[in-house]
Amino acid sequence: MATPDGAGTGPPDDLDGAIGAIYGGPLDEFVAARDRLAKDLRAAGRRDEAAAVRKLAKPKRLAWALDAAVLAERATFEDVDAAAASLADAHTGSDVREATNALRTAARSLADAASERAAASGGAALDQSELVPAVLAVAADPDALSTLRAGRLVDVPSAGAFGAFAPGPGRPSGSPAPRAKQEAAAGPDTPAAGGAQRPEARPSAGRDRATAREVKAADRAAAEAESRYQAARNRAEEAAEVAERAADDLAAAEDRRRSAQREVEAARERVDAARRDARRAAAEAQEAEDRAREARTERAELG
């Protein structure tokens, strides 16, 4: 089985487990471990799985710390998952308060686990002020939460609906968000805690439309950039596979050439040996002929 911290010894039977070990392993070894697993799979003829593994994106450090925490301490994540579901389903004020407190507590626990994993890796330190808002942002995004559940989160989404429950700078954990943030979260048609919303605080409809257009344009630009990135990455991976196959073909051809060269050299040695034997045989024949001639001459002189 291929491991993230050693040489590959063949493709694993549990591919999900091997991928989880890469995401939960040292961040600075992610690319090498991913490529080693892809190479083992390709060598075993599992090319589709190899291509999928090679496409795995290296997570950013904050996301990696959460992945590592989830993979190491599943129960801590389950608390976050359950609290997020309870808060999303809460209808009464007491239910919201209870679910909010549970989510804060669970987020801090998962943040602690992620901080410990980051510290154990020897990299840059991560603290609650970074990790708790990250957990809450993931909890508010169903897709991100599902990805984190698998331990494969690549990046933390922007703060979502639960972001207001994260303690901010200079505000103790569990304190309510500042009035401005509460009013912004409540929306333009909801009265603020101190009374009716001031008319001047209500953004104009024209500005709303302009902002919506800007957001849509930014979304389109981001989607196009992501599409171009994925297309370029796919082309690079296809080119890498073609290069790998060409290298394999070249290595096989080199083996055949070396084998043929050895056969040629062996045949040349046999030819040289046969020529030496032929020269020795010719010399021996000449010597025998000379002795025979001398014997005939001596016999003739004796009459």
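Restricting to segment 36-58, name every residue that is surrounded by fewer than 16 Cβ atoms within 10 Å (Cβ to Cβ) and within 12 Å of the chain's Cα centre (by Cα). Of everything in segment 36-58, those that are surrounded by fewer than 16 Cβ atoms within 10 Å (Cβ to Cβ) and within 12 Å of the chain's Cα centre (by Cα) turn out to be Ala52, Lys55, Ala57, Lys58. Within segment 63-95, the set of residues being of a type in the set (A, V, I, L, M, F, W, C), surrounded by fewer than 18 Cβ atoms within 10 Å (Cβ to Cβ) and out of contact with any Lys or Arg (no Cβ under 9 Å at 6 or more places or on another chain) comprises Ala75, Ala82, Ala85, Ala88. Of all residues in segment 1-28, those satisfying the criterion of being at pLDDT 80 or above and within 12 Å of the chain's Cα centre (by Cα) are Ala18, Ile19, Gly20, Ala21, Ile22, Tyr23, Gly24, Gly25, Pro26, Leu27, Asp28.
The values are calculated or read from the model by the stated rules, or taken from the named source; none is laboratory data. In this text, all values refer to a predicted model and were calculated from it rather than measured experimentally. Every residue, glycine as well, gets a Cβ built from its backbone with ideal geometry; the counts of neighbours run over all protein chains shown.
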